[in-house]
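Participant: Quick one: the structure is below, questions incoming.
The values are calculated or read from the model by the stated rules, or taken from the named source; none is laboratory data. Please read all numbers here as calculations on a predicted model, not as lab measurements. FYI the Cβ positions are ideal-geometry reconstructions off the backbone, even for glycines, and counts take in every protein chain you see. Surface areas here come from the heavy atoms of the whole protein model, side chains and all, with no ligands, DNA or RNA. Shrake-Rupley method; radii C 1.70, N 1.55, O 1.52, S 1.80 Å.
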Amino acid sequence: MMAYIIRRILYAIPILIGVNIFTFVLFFVVNTPDDMARMHLGMKRVTPEAVQNWKQERGYNRPLLYNSKAEGTDKITDTIFFQKSAKLFQFDFGSSDSGRDIGYDISQRMWPSLAIAIPVLLVGLLVNISYALLIAFFRATYIDIWSVVLCVVLMSISGLFYIIGGQYLVSKLLHLVPISGYATGMGAAKFLILPVIIGVVGGIGAGTRWYRTLFLEEINKDYVRTARAKGLSESLVLFRHVLKNAMIPILTGVVVVLPLLFMGSLITESFFGIPGLGSYTIDAISRQDFAIVRSMVFLGSVLYIFGLLLTDISYTMVDPRVRLS
Amino acid sequence: MGTVPENDTLEKNSQHMMDRNGRVWLSGVGLMAIFFAVLLSGCDQTALNSPYSRAESEQNIVYSSFSERPKHLDPVRSYSSNEYTFLGQIYEPLLQYHYLKRPYQLVPLVAEQVPVPRYLDAAGAVLPEDADEKDIATSEYEIRVRKGVRYQPHPAFATGKGGDYTYHSLSSDRIAAANKLSDFFETGSREMTAADYIYQIKRLANPRLHSPIAGLIGQYIIGFKEFGKEIVAATEKQQQATGSERPYVDLREIPLEGVQQTGRYSFRIRVRGKYPQLVYWMAMPFFSPMPWEADRFYSQPGMDKRNINLNWYPVGTGPFMLSENNPNLRMVLERNPNFYGEHYPDHGEKQDASTGLLRDAGKTMPFIDKAIYSLEKESIPYWNKFLQGYYDTSGVSSDSFDQAVQFSDLGEVGLTDAMRKKGIDLLTAVTTSIFYMGFNMADPVIGGESERSRLLRRAISIAVDMEENISIFSNGRGVAAQGPIPPGIFGYRTGAAGINQYIYDVVDGKPKRKSIAVAKELLDKAGYPNGRDAKTGQALTLYFDTSSAGPDGKARLNWMRKQFEKLGVQLVIRATDYNRFQDKMRKGKAQIFMWGWNADYPDPENFLFLLYGPNSKLEHGGENASNYNNPKFNALFDRMKNMSNGPERQQIIDEMLEILRQDAPWSWGFHPKAFSLFHSWYSNVKPNLMANNTLKYKRVDPELRSKLQREWNQPIFWPVWGFILLLIVTAIPAVMVYRRHERSVAK
């Protein structure tokens, strides 16, 4: 297993380099260092000298990817790409173009994101699996049909509608929780109730349908028929056998998103005023802060690769037949 | 493949499972009950939806919001209104605008009086006040600042027993252990002196600090540019000596020729020639005092990396200090305990007494203890929180306009019944800004000085119906511009004299846009009958460059295309991103465009310079985006810019406006109107679009606010109980079916 993990980590290096180059090229196709300087210096009374000074101070006066005027390895290393991206591989995110310590900002902003994402994931799993099992229990009845219809309806509604509708109903009409905002410590609870409920409700349609499919697929297998033939109750069949055997695809879906929970949700955080990581990248793009953009894309890629690796490892834990080699 | 248990245990397991399911179900209901119990017990019932704690709600606090993170809080760099919302309350420049008087009037803030320049000729002899500008070689401003003004508590001032600064020579480990300013527990303060203003003016000259006004101020303050070079040299020397990338350079040790201290509380600024606009800059945060101790403290290696710097933690003498800076969540201003206590103005405009604006005349400010600004990126939650009473004031967005505002039969703006019922009040004011449609004068078709292009521009200016634009896209919140100068600024004329008669007819003393027939006639004279080139017969195609291409922008652009269609002219929209758009503007590649300008100060020079030839964007990188260059206009501008307001200046401005209206380098656009709503507990509100430091005048009635918040936000629980009941009722048949099913299996 260790050899497999090491191999996967080594595979990740060229992927991360590729992601970095891709992000770099995309960013600088849209924004030149001059544009970045003007954005940071403001809209009024920006002189060409100020633009040059800004670029020089932050190292954006170098060539982008290849320095034809330099000698030897400097042709590669004395470039914006190398200077800005090489340290990412040591997880040194450096400072944003406005001077903030990116690592510190990430460490501060990931907790509010997690405060929403973890309850949404756990409660969502509980609700979706329970509901899917219920539908599976009542399969081919009106409950099943109407539940699928309900799931399709829930899936068809935009996430934004849940947010605005939820805020309108729960906060504006019923006055039960604040519309938006956040606080640290236990004070955060009242601000998290609504986004978590909305996150869970918004995910019921897709989640339940997916799990229902998994359960129904298992339910028609021979071992289930055998269990029933031996006189096992339906609840035992569902909870002990069907659920257990449907765990592999469920785990695949869940474990892969675990690391990405850090990254937050842009729309939810924006509407609920949650100071998480979701809006961090988007804000950085609109401010043309390349330092943050590259760091967040890099972090997202690392977490995704880590998530896939975790998924593979988790396979071995839930299914003894799977061996990593 | 699943595993199957032995037969003898089946019955037991089945029963066990049923019991467990029942327990799970009961636990679910129990958890829900606990959840609601916590919800109810944890919060006061009246404040379930309050984003603040009950204790905060009843305090003397102003609640407001911000939608965008302030980029810079260092007064040397800050230059936008969202930053001035905070900086204006923390730092105290030398001057300020009178809160109540109109037109806007400069009054002393920390300076003892508004400085009056003394003019000197090349030989150093004093000239009379009305001396010819050509004779004036130097203007001297003698400035005396108040005594007894003290800085907010700050670690930079903290001293030990021996008088040494506690935090000026910190070890790298100590700095690495700090994440915020409050990690330096000890604080101190000291009296502000004239030297602190000099220090800040010197900071303006530091190229590493990128002050946006350094270029402009450098043209006037004597020795400013040379001083900048000296700082660079001194910094490099220090870098070599210390190895630090950002070493501390003590600006006190480098003299700046044009700024000299003449006493503990007085200093002198010397500028080249005459520059009366300098006093307006003295009312902006650029001219705030900066203690050298703060600069020294923040420049220690590692501080910047820990995000501890002047951009994040300001040090001021103003009525408030920034006690919490979390721009991703909220910013909190708290009363500065060392504030000397300024008095509320005791006179204003005629109607101010009757509207209650002089009720606090002569009383010591500020009236509030704290201001909490919460980040609100989206307009819907922001508006709803205002309606719930959780924000004291609000603007009016397009989404909520119909809910808040209605027009009477006479076209007067008023509040809707729902707003009036809540006791909400509305104030409107025309902003000191302009959004204009510009023509690139360097363009061969639309630009130039030929009669043909001039008539074409005037025809377009008539056809583009700005009144309609304001009505459709701004809900009527704007005033069609008659020239570049907005109302409230010297040079703007009311009545028939102020109407642009190239575009409008004067009907009952009011402007009425000329008919499209007149525009077509002009187009005909320009050589484009029915929108076709008379020589070639080809349809006239013009290009509109814009960076606004979203769904909102699309409607505007379609509207714009239709305006040109009225003339038979085809308009091609060239939409691009903002970077490319700016690039086109810099290179003079755009043909027709929309642009805007917000006043820095209430002087006509600050608007007319947008059309001054030597300020053109294409040739000089200036703010004249249409690259207009009329020698006669330029000469009049040179005469007008340094004159004092008076009939002579007005006459020159009238001449300049006539030239502009005739040449039509802009189609003039509109001056937006600001609408602001505020609750009944919020008082001393008067729109002042030039002042940045208005928080100190505001007063709130926390008891009334708390009472109304309770009234408006009574929690309604029955739908929740109803939903739970519905769940239980719908679960019963399912449980029954389940049990029947289980029993049938058991048989």
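Participant: Can you pull the mean other chain C-beta count within 10 Å for peptide A:180-193? Don't jump to the answer; show the numbers that get you there.
Facilitator: On the way: counts 13, 11, 7, 5, 2, 0, 1, 3, 0, 4, 9, 1, 0, 2.
The shielding value for this peptide is 4.
Participant: Moving on to the next point. With label points built 7 Å along Cα→Cβ from the Cα atoms of B:Val507 and B:Arg174, find their separation and express it in nm.
Facilitator: Here the modelled spin labels are 7.6 nm apart.
Participant: Can you list residues from other chains, or at least 5 along the same chain, whose modelled amide H is less than 5 Å from the amide H of B:Val405?
Facilitator: Answer set, sorted by chain and number: B:Thr416.
Participant: Enter the angle in degrees (range 0 to 90, nearest 10) between the Cα long axis of helix B:194-204 and the first principal axis of the Cα atoms of chain B, meaning the one along which they spread out most.
Facilitator: On a 0 to 90 degree scale, this one is about 90.
Participant: Next question, about the same structure. With θ taken as phi - 60° and the coefficients 6.51, -1.76 and 1.60, list the Karplus ³J(HN,Hα) couplings across the range B:165-175 in order, rounded to whole Hz; mark glycine and proline as x.
Facilitator: 6, 5, 10, 9, 10, 7, 6, 5, 5, 5, 5
Participant: Same structure again: Of the listed pairs B:Lys71/B:Lys202; A:Lys190/A:Lys244; B:Lys101/B:Lys202; B:Lys225/B:Lys305, which have alpha-carbon separations greater than 26 Å here?
Facilitator: A:Lys190/A:Lys244; B:Lys101/B:Lys202; B:Lys225/B:Lys305
Participant: Going highest first, how would you order A:193-204, B:612-623 by mean Cβ packing within 10 Å? Mind showing how you got there, number by number?
Facilitator: Values: A:193-204: 20.9, B:612-623: 17.8.
Sorting A:193-204, B:612-623 by mean packing, highest first, produces A:193-204, B:612-623.
Participant: Here's something else I'd like to know. Using the Kyte-Doolittle scale, find the helices of chain A whose mean hydropathy is at least 0.5 and whose Cα atoms extend 20 Å or more along the helix's long axis, counting only whole DSSP H runs.
Facilitator: Working: long enough: A:2-30 (42 Å, 2.02); A:102-137 (50 Å, 1.48); A:142-156 (21 Å, 2.03); A:189-219 (41 Å, 1.05); A:290-318 (41 Å, 1.66).
TM-like helix candidates: A:2-30, A:102-137, A:142-156, A:189-219, A:290-318.
Participant: Where does each of B:359-371, B:641-653 land if you order them by average Cβ count within 10 Å, highest first? Walk me through the intermediate numbers first.
Facilitator: Details: B:359-371: 17.2, B:641-653: 15.3.
Result, highest mean Cβ count within 10 Å first: B:359-371, B:641-653.
Participant: What are the residues whose amide H is under 5 Å from the amide H of B:Ser65, where those residues sit 5 or more places off or on another chain and H is modelled from the backbone?
Facilitator: Residues meeting the amide H criterion: B:Ser374.
Participant: For the pair B:Thr541 and B:Ala361, how long in nm is the line joining their label points, each one 7 Å along Cα→Cβ?
Facilitator: Those two pseudo-labels are separated by 6.7 nm.
Participant: Another question about this same structure. For Cα pairs less than 8 Å apart in space and 6+ apart in sequence, what is the mean separation divided by the residue count of the range A:45-170, i.e. the relative contact order in percent?
Facilitator: Numbers: 51 pairs, mean separation 11.7, N = 126.
This gives 9 percent for the range A:45-170.
Participant: Within 10 Å of each Cβ in B:327-335, how many Cβ atoms from other chains are there, averaged over the peptide?
Facilitator: On the way: counts 1, 14, 10, 5, 0, 0, 0, 0, 0.
Average per residue, whole number: 3.
Participant: Any idea what the relative contact order of the range B:75-305 is, in percent, if you count C-alpha pairs under 8 Å spaced at least 6 apart?
Facilitator: Working: 398 pairs, mean separation 66.6, N = 231.
With pairs under 8 Å counted, the relative contact order is 29 percent.
Participant: Mind checking the range A:21-112 for GluC sites (Glu not before Pro) that DSSP puts in a loop (not H, G, I, E or B) and that have at most 11 other Cβ atoms within 10 Å? It would help to have the intermediate numbers written out before the result.
Facilitator: On the way: sites: A:Glu49, A:Glu57, A:Glu71; in loops: A:Glu71.
Passing both the DSSP loop test and the Cβ count: A:Glu71.
Participant: I've got another one for you. Averaged across A:142-152, how many Cβ atoms of other chains sit within 10 Å of each residue's Cβ atom?
Facilitator: If you average over the peptide's residues, the count of other-chain Cβ atoms is 0.
Participant: So what is the relative contact order for chain B, in percent, with contacts set as C-alpha pairs under 8 Å and at least six apart?
Facilitator: Details: 1311 pairs, mean separation 124.6, N = 747.
Computed over chain B, the figure is 17 percent.
Participant: Here is the link list: B:Lys180/B:Lys377; B:Lys422/B:Lys686; B:Lys566/B:Lys617. Which ones come out longer than 22 Å on Cα distance?
Facilitator: Working: B:Lys180/B:Lys377 25 Å; B:Lys422/B:Lys686 20 Å; B:Lys566/B:Lys617 31 Å.
Distance filter (> 22 Å) returns B:Lys180/B:Lys377; B:Lys566/B:Lys617.
Participant: Can you give me the Cα centroid spacing of the range B:564-604 and the range B:249-267 in angstrom?
Facilitator: After rounding, the separation between the Cα centres reads 44 Å.
Participant: So what's the gap between the Cα centers of the range A:303-323 and the range A:130-169, to the nearest angstrom?
Facilitator: 30
Participant: In deg cm²/dmol and to the nearest 500, what is the mean residue ellipticity at 222 nm of chain B if only DSSP H runs of at least 4 residues count, each as -39500 (n - 2.57), divided by the residue total?
Facilitator: Working: 23 runs with 250 residues, N = 747.
About -10000 deg cm²/dmol.
Participant: Moving on. Go through the range B:565-576 residue by residue and turn each phi into a ³J(HN,Hα) via Karplus (6.51, -1.76, 1.60, θ = phi - 60°); whole Hz please, and just put x for glycine and proline.
Facilitator: 4, 4, 9, x, 8, 8, 10, 9, 8, 10, 7, 8
Participant: Next up: Which order do the peptides B:464-476, B:84-96, B:209-221, B:235-247 come out in when sorted by mean C-beta neighbours inside 10 angstrom, highest first?
Facilitator: Packing proxy ranking, top to bottom: B:84-96, B:209-221, B:464-476, B:235-247.
Participant: While we're looking at this one, here's another question. Can you list the residues of the range B:709-747 whose accessible area drops by at least 30 Å² going from the chain on its own to the full set of protein chains, with a 1.4 Å probe?
Facilitator: B:Ile716, B:Ala734, B:Tyr738, B:His741, B:Glu742, B:Val745
Participant: Distance in nm between label sites at B:Gln239 and A:Lys44, each 7 Å beyond Cα in the beta-carbon direction?
Facilitator: 3.1
Participant: Pulled fully out, how much extra length does the chain show between B:Ala635 and B:Asp533, if you take 0.36 nm times their separation in residues and subtract their Cα-Cα distance? Mind showing how you got there, number by number?
Facilitator: Numbers: separation 102, 0.36 × 102 = 36.72 nm, distance 3.50 nm.
Full extension from B:Ala635 to B:Asp533 adds 33.2 nm.
Participant: Still on this structure, I have one more. Please report how far the C-alpha centroid of the range A:36-106 lies from that of the range B:464-495, rounded to the nearest whole angstrom.
Facilitator: Cα centroid of the range A:36-106 versus Cα centroid of the range B:464-495: 43 Å apart.
Participant: Would you work out if the range A:102-318 is rounded, prolate or oblate? Take a ≥ b ≥ c from the square roots of the eigenvalues of the alpha-carbon gyration tensor; rounded if a/c is under 1.5, else prolate when a/b is larger than b/c, oblate otherwise. Display every interim value, and only then the final one.
Facilitator: Values: a/c = 2.62, a/b = 1.57, b/c = 1.67.
Since a/c reaches 1.5 but b/c is at least a/b, the shape of the range A:102-318 is classed as oblate.
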